[in-house]
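FYI, it's all coordinate maths here, none of it is from the lab. Predicted, not measured: the structure shown is a model, and the values here were computed from it. Neighbour counts are summed over all protein chains in view; Cβ atoms, including those assigned to glycine, are modelled from backbone coordinates with ideal geometry.
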Amino acid sequence: MAMLEILQLPDPRLKEVAEEVTRFDEELKAFIADLEETRQAGPAAVGIAAPQVGRSQRIVILDCSKTKKPVENHGHLILVNPEIIEWDGFELGREGCLSVPDYTGNVIRAERIKVRSQDPQGENHEFEMVGFEARALQHEVDHLDGILFIDRLVSRRTDLFQRKVYQKGSKKRDA
Amino acid sequence: MNWQMLTLVGEDQPGIVARVTDALYRGGCTLGETSMIRLGGNFTIMMMVDGGQSEQALASMIAPVADQLQLKFHLDPMHGGLHRHRVPNYQVRVNGADRAGIVAKVTGALAECGFNILELASDVVGDSAKPVYIMTIQGYAEAEIERLEAALKPLAAEEIDVHVSAIETLIG
């Protein structure tokens, strides 16, 4: 196992669209172990994507099981070639990123998603995710498409204007 | 670094930011964190500026462009610097029929809980016959959410809708 270097803004490799994984071999598993070690070494990241360490492949690790306040989650997940196949609702939340140190900002994400992905053996799986875990997955899949959360920042006034229209709905969502 | 806080206010028009920052750039200044927003038809700027110049040198750099754009400005030497962000752990949303005292009551209740406001944005919306006040606050407090809710609860009786939620900042 080895710690990998995390690429930081403005590294152009963070803006590349990653390739699909086609070989489910030992090398892939060894890389995933390194990626996990790198995630754990950083500041409490709930997810990491292969492009963040300079490997342009569609691999994500997600673990929302250790948040301060427990959230609905599927535990520790290794997602190879993940694809979001359904979206529903939207919600504003605060995000930061290992690749963008010293900055956090508000981003709108879908509230519920359905994800299709493979595991490191190449088996297919589907997950339904809500809230925080859904947000984390969308943040990581963005990395695979060369998008950072700072590309999706919303104005500090956005929330005020949303409340005007969606006041009742968002109250229910928070409850 | 030797930051100064530059405040500029004046009637909004296109080009204010471009012309002010161009003057600063040509004068060899760098900018730090800034906040710029339109309030009630005025444009307001608060900006950390550093060029190693004296306050007077900086003032004479800004004066011509401020005059042209009819902006009032003000400079203060400041302590502090970059990379001192504090991540909020609570968001408070407030709305109600607009009337005097909403901000004072909400923030007073929060202050009693040791709540540190990091950002507050508020607006008066609706129409002039039935104005509605909307405010969002992001801040940091050690206190549990139940304590904040209890402190804000009396406001419900005054028909101010206040809602606190914990912010779990996602790092990914």
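How much of the calculated P(r) for chain A lies past 26 Å, in percent of all Cα pairs? Each step should come with its number before you reach the end.
Numbers: 4244 of 15225 pairs.
In whole percent, the long-distance tail amounts to 28.
Rounded to the nearest 20, the Cβ-based charge dipole of the range B:90-166 about its Cα centre (Lys and Arg +1, Asp and Glu -1) stands at 120 debye. Name the long-range amide H neighbours of A:HIS74: under 5 Å, sequence gap of 5 or more, or other chain; modelled H, no Pro or chain starts. So A:HIS74 has HN proximity to A:CYS64. Of interest is the spacing of the C-alpha centroids, which for the range B:69-136 and the range A:55-90 amounts to 34 Å.
Placing a pseudo-label 7 Å from each Cα along the Cα-to-Cβ vector at A:SER56 and A:ARG112 gives an inter-label distance of 3.7 nm. Charge dipole of chain B (Cα centre as origin; +1 on each Lys and Arg Cβ, -1 on each Asp and Glu Cβ, all else neutral): 260 debye, rounded to the nearest 20. Given the pairs B:LYS105/B:LYS130; B:LYS72/B:LYS153; B:LYS72/B:LYS130; A:LYS29/A:LYS69, which span a C-alpha to C-alpha distance of over 29 angstrom in this model? In this structure, B:LYS72/B:LYS153; B:LYS72/B:LYS130; A:LYS29/A:LYS69 lie more than 29 Å apart at Cα. Straight-line cross-link reach from A:LYS114 at under 12 Å between alpha-carbon atoms covers these aspartates and glutamates, not counting any fewer than eight positions away in the same chain: A:GLU83, A:GLU86, A:ASP88, A:GLU126, A:GLU128, A:GLU133. Ranking A:LEU35, A:ALA49, A:LEU92 by Cα position along the charge dipole of the range A:16-94, where only Lys, Arg, Asp and Glu carry charges on their C-beta atoms, puts A:LEU92 farthest toward the positive end.
Rounded to the nearest 10 degrees, the inclination of helix B:16-26 to the longest alpha-carbon principal axis of chain B is 50 degrees.
With everything on Cα atoms, drop me the angle between helix A:158-174 and the longest principal axis of chain A, reported from 0 to 90° to the nearest 10. Approximately 80 degrees, to the nearest ten. Modelled spin-label separation between B:ASP22 and A:ASP11, with each label point placed 7 Å from Cα along the Cα-to-Cβ direction: 3.8 nm. Calculated on the alpha-carbon coordinates, the convex hull of chain B measures out at 159 cubic angstrom per residue. Model label sites at B:GLU159 and A:ILE85, defined 7 Å from Cα along the beta-carbon direction, differ in position by 5.1 nm. Note on the range B:4-77: Cα-only Rg and Dmax are 11.2, 34 Å.
Run through the range A:25-132 and list the GluC sites (Glu not before Pro) located in a DSSP loop whose Cβ has at most 12 other Cβ atoms within 10 Å. Loop-located and lightly packed - A:GLU72, A:GLU123. This model, with +1 at the C-beta of Lys and Arg and -1 at the C-beta of Asp and Glu, gives the protein assembly as shown a dipole about its Cα centre of some 1080 debye. Ranked from largest, the principal axis spans of the Cα set of the range A:1-102 equal 35, 32, 25 Å.
Ranking B:THR107, B:GLN138, B:GLY96 by how far each Cα lies toward the positive end of the dipole of the range B:90-166 (charges on Cβ) leaves B:GLY96 at the top. With viscosity 1.306 mPa s and temperature 10 °C, the Kirkwood radius over alpha carbon pairs of the protein assembly as shown converts through Stokes-Einstein to a diffusion coefficient of 69 µm²/s.
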